[in-house]
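J.: Right, I'll just put the structure down here and ask away after.
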Amino acid sequence: MSGRVWQIVRDLEADAAGVPDDVAEEMIQRAIDNAETQARLVLDAERRRWERQQEEARTRRNMN
């Protein structure tokens, strides 16, 4: 997984080509910060979905 993260960073750096280094670094950092926030939200939603599925499975087993 970490290889994929580094590939994304390299891609972001390439996308920022032609922009002054300090500006590009700030842009990339904001993009990474936003991606982290979004990833945490998705992970939280996925965890809740999994927990609901587990609870539903327990309920079905208890009904039988």
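The values are calculated or read from the model by the stated rules, or taken from the named source; none is laboratory data. This structure is a prediction, so every number in the text was calculated from the model and none was measured. Heads up, the Cβs are rebuilt from the backbone with ideal geometry, glycines too, and the neighbour counts pull from every protein chain shown. SASA here: full protein model, heavy atoms, side chains in, ligands and nucleic acids out. Shrake-Rupley method; radii C 1.70, N 1.55, O 1.52, S 1.80 Å.
J.: Go through region 14-36 and report how many residues are assigned to a loop (DSSP other than H, G, I, E, B) and surrounded by 10 or more Cβ atoms within 10 Å (Cβ to Cβ). Please lay out each step first, then the result.
T.: In the first step, residues of region 14-36 are kept if they are assigned to a loop (DSSP other than H, G, I, E, B); the result is 16-20.
Checking the rest, the ones that are also surrounded by 10 or more Cβ atoms within 10 Å (Cβ to Cβ) come to 16, 19.
Within region 14-36, residues that are assigned to a loop (DSSP other than H, G, I, E, B) and surrounded by 10 or more Cβ atoms within 10 Å (Cβ to Cβ) number 2.
J.: Separate question: When you go through Trp50, Trp6 one by one, which is the residue that is open to solvent by 90 Å² or more (accessible area, probe 1.4 Å) and under 16 Å from the mean Cα position of the chain (by Cα)?
T.: Details: Trp50 fails: under 16 Å from the mean Cα position of the chain (by Cα).
Being open to solvent by 90 Å² or more (accessible area, probe 1.4 Å) and under 16 Å from the mean Cα position of the chain (by Cα) holds for just one of Trp50, Trp6, which is Trp6.
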